[in-house]
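Sharing a structure here in structure tokens format.
The values are calculated or read from the model by the stated rules, or taken from the named source; none is laboratory data. Since the model is a prediction, treat every value here as computed from it, not as a measurement. A quick note on method: Cβ atoms are made from the backbone with ideal geometry, for glycine too, and the neighbour counts reach across all protein chains shown.
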Amino acid sequence: MKNFFFLLLLCLLLCYNLVEAQQTPTFADPPGPEHVLVVYNSLDQTSIDIKDYYINARNIPAYNVVYLESLINDDIYDSISNTTHRIILDQQGEIIRDSINQNSLTPTIHAWLYFNEKIAKPIANYLQTTNVNGTPLKDIIRFVVLVKGVPFRIDARQEDADSRGTNVICANLLTHLSETFENPEALLLYYNNTPSIPNPYFNADGNFTSDYHFIPNHFQTSAFVNGQLRNIPLSYLVTHLSAPRYSDVTGMIDRSKNAIYTKNYVWFTDLDPTPCRSVPTGNPEPVFNSLNIHNYFFDHDEYIYHSYPDSIMSYCSNGIWTTDGNPDTCYAWDYFPEDYIQSQLSFDYASGAFFSSVESHNGLSIGTNPVIRTRGQGLIADFTLKGGTVAVGQAFHSTGSHVIQNNIFFPSYATGYTFIEAAYLGLEKLDATNVVVGDPLTRITYPCEPMILTHNTSISSEDIDCGIIVPEGIILTIEQGSGVNLNSNTSIKVYGNLVINNQAILNLNNYSVLKIFEGGTLTAETGSNLIFNNKSILDNQGILIINPNSSLTLNDNSQFNSAGKLKLLAGANILDNSTGSINITGSIIAEGTLNNPVNFNFTNQTDQLAFASGDSLKLDYTNFNNGGLNISSNTNDTKLLLIENGIFANSVNAVSFDIDVQLADNVDAKLHNVQFLNFNGGGIGANGLRNFELNGCNFTSGYQNSSGIEIKAIKNLVVNNSYFSCSYGVVRGSRTDENNFLVNSENIRIYNCIFNLNTFF
């Protein structure tokens, strides 16, 4: 019975070890230079130079610097086994290697003793004995940076799948550094321990609130260490600042500083199917969508990408395990060679760009020059040579739990966590095989909440990163002649009133959103400009008024959706450079004049303004150039369709009516004094109207087989005082299926018209 309860207790403890403990928020301020400890090798000039460059670049306080002065090949004595082994700094100083044991599968502790004496203890002693304004430095520091020249690996034996626990990453051990404050030998307890310690910081901020900035020893876990259940605090987040050459490291530092200013980038992941490997990194796409982050491209087909037209913030893939879907090919070295990051990939990496891959040994070398390859896989060092900024990889044989989870890392990094915080938020295990490389202060955005206006506000000449909410009863004014920019993934939400004064410019960039809610109003005053760039969105559910001689421009696949009321006054210009992305489901009223019409200008002849089940459309003195108008309805909401005194020029199908035949008895349309010029298809295509009246219209086109009017299922058609100079005048059905239409058109009356060519009924 006692044995039963013991086993039950053991099971519960093991289960607790495997289940992520609930962590409480820190509500800490975002980290700064004062929270970074820089550790360098005083015997290595490159390490000294990089240290100097980094602390100057980031304004690291002088007392936040630790030097290691005994990183040399040395004989290490183990009092337990009463043996001495020669420990060497191998692979250009990257590896603490037991030279006697390097070809043996039997581990010894000598390399660990070297690490503990020459790296861990000096750092711990400095943190414990240094005070800043009365506060111990150990309580201030959050991040530890190991500069190039400080080893990043301990190899206690020959590396294979069973060497995890003896061959480790130095940084991973240093995440437990506070344990040495009480017991200088504490880190040696992890020797020969299976790397299964849960990371208590893993996914701590599942809602991406930015309330979980890291602080020392706040996040804790319980785990078995060599058979003993222990409470383990996460002391510090530790990273390596290393790359093949001095210039590569300083380039990483420069790009890290510039990352916060990076715009126009795309999150990129190549998730092509691979028979022998999967990508156990989580899918960030639904998380991004829930956070209104849309600048991403996650490939799920068999196409393998070597480049992308936009600058990318991430490159994640299966690496050399990537294949073209051939199930007979498990090793794809014939497709992606081991140096593929340098030789095959030609991406433009944004400042702050991140790398990971499902390759067990992509962190086998991080700073050798030339790059040392021993496992035939891509390396982090390749990425930094090509202009990358930060990375997380694996140095030894790995499992799925060792690979960073992109569905956690990506949104954490995107919403304002520093790189190192985002990296550890996405790592499931401590003391695993992971190697984290990069400046811990790298940040691509600041965490911020949108500003909620409490009173009428005017702004001018500003860059907006955090968004603005305009409540009901509040007016936000963009001042006359000024320019305001919304940066990436930013929004203005209007429940009250937004006024763009005369000659003012509002730019929305990179997936930003301007939304007018029901009850809200946007007024673009005379001569103002609304410009939407790179997949930004204008969503109107309230009232949108474009005053005389103002313009609305859609660039780079931006969208305009209006379910509310849209009013365009004389001289208003709508420029759609986004291949047909204007969708009206509410009402649209355009009131131009003879000398100052409303203008719609499109990119391609096939582009259209889509009026879909809207309640009313009234266009007076409105010109469409290089695009057309598509009117459709499958509801009873459509009440008014009136077009007068307009011009449709250079389109494929100028105006199309497509009304559900079940509603044909409800919908009328009138066109008066409208010119249809140079159409490459139909001037008007009409299906499903009760009454369709045309008066004083002109259909002129030199395109072969062009039709003035094509009718299907029209109850009553009246054409009066109109001119037809095109291949076909009035076509019943269509040129190609005139005998195959749903309902025969009836009551066709044509008066006082001129047909220069042919007429078909």
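Listed here are the residues, each with its yes/no results for (1) modelled with pLDDT under 85; (2) closer than 22 Å to CYS466 by Cα.
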| position | (1), (2) |
| --- | --- |
| LEU291 | no, yes |
| ILE304 | yes, no |
| SER314 | no, no |
| ILE320 | yes, no |
| ASN326 | yes, no |
| ILE341 | no, no |
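Out of the strands (runs of 3 or more DSSP E) lying entirely within region 450-510, which hold 2 or more residues that are without any contact (Cβ under 8 Å) to a residue 40 or more places away in the chain and out of contact with any Cys (no Cβ under 9 Å at 6 or more places or on another chain)?
Counting at least 2 such residues, we get 457-459, 468-470, 475-478, 483-486, 497-500, 505-508.
Just the residues that are part of a loop (DSSP other than H, G, I, E, B), of a type in the set (Gly, Ala, Ser) and either touching a His at 6+ places or on another chain (Cβ under 9 Å) or farther than 15 Å from PRO440 by Cβ (or both), please, taken from region 28-55.
Of everything in region 28-55, those that are part of a loop (DSSP other than H, G, I, E, B), of a type in the set (Gly, Ala, Ser) and either touching a His at 6+ places or on another chain (Cβ under 9 Å) or farther than 15 Å from PRO440 by Cβ (or both) turn out to be ALA28, SER42.
Restricting to region 627-638, name every residue that is surrounded by fewer than 18 Cβ atoms within 10 Å (Cβ to Cβ) and part of a loop (DSSP other than H, G, I, E, B).
Within region 627-638, ASN634, THR635, ASN636, ASP637 qualify.
Listed residues ILE408, ILE366, ILE404, ILE372; which is surrounded by fewer than 24 Cβ atoms within 10 Å (Cβ to Cβ), β-branched (Val, Ile, Thr) and outside any strand (DSSP E or B)?
Answer to the selection: ILE372.
Sticking with this one: Go through region 571-593 and count every residue that is over 35 Å from the mean Cα position of the chain (by Cα) and over 17 Å from ASN625 (Cβ atoms).
Result for region 571-593: 3.
Residue-by-condition table, conditions (1) among the hydrophobic types (A, V, I, L, M, F, W, C); (2) part of a loop (DSSP other than H, G, I, E, B); (3) not assigned by TED's automatic domain parsing to the domain that holds SER346:
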site	(1), (2), (3)
ALA204	yes, yes, yes
HIS218	no, yes, yes
LYS263	no, yes, no
HIS294	no, yes, no
PHE298	yes, no, no
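If we keep just the residues of region 292-323 that are exposed (fewer than 15 other Cβ atoms within 10 Å of the Cβ), farther than 22 Å from ASN489 by Cα and free of Cβ contacts under 8 Å to residues at least 40 places away in the same chain, which is nearest to the chain's Cα centre (by Cα)?
Of everything passing the filter in region 292-323, HIS300 is nearest to the chain's Cα centre (by Cα).
For residues that are touching a residue at least 24 places away in the same chain (Cβ under 8 Å) and not in a strand (DSSP E or B), scanning just region 76-92, find the one that is surrounded by the fewest Cβ atoms within 10 Å (Cβ to Cβ).
ILE80
Could I ask something else about it? Quick one: would you say ASN645 is at positive phi, out of contact with any Pro (no Cβ under 6 Å at 6 or more places or on another chain) and not small (Gly, Ala, Ser)?
yes
Whether any residue in region 518-529 is assigned to a strand (DSSP E or B), over 22 Å from LYS618 (Cβ atoms) and at pLDDT 95 or above is what I want to check.
For region 518-529, residues assigned to a strand (DSSP E or B), over 22 Å from LYS618 (Cβ atoms) and at pLDDT 95 or above: present.
So GLY352 passes all but one of these: (1) surrounded by fewer than 21 Cβ atoms within 10 Å (Cβ to Cβ); (2) at positive phi; (3) of a type outside the set (S, T, N, Q). Which condition number does it fail?
(1)
Then there is this: Modelled with pLDDT of 90 or more and of a type outside the set (Gly, Ala, Ser): does that describe ILE659?
No, not satisfied.
Could you please give the count of residues in region 430-455 that are surrounded by fewer than 16 Cβ atoms within 10 Å (Cβ to Cβ) and among the small types (Gly, Ala, Ser)?
Number satisfying all stated conditions: 0.
Out of the residues in region 639-654 meeting the condition of being more than 19 Å from GLY586 (Cβ to Cβ) and part of a strand (DSSP E or B), tell me which one is modelled with the lowest pLDDT.
Going through the qualifying residues, I end up with ASN653.
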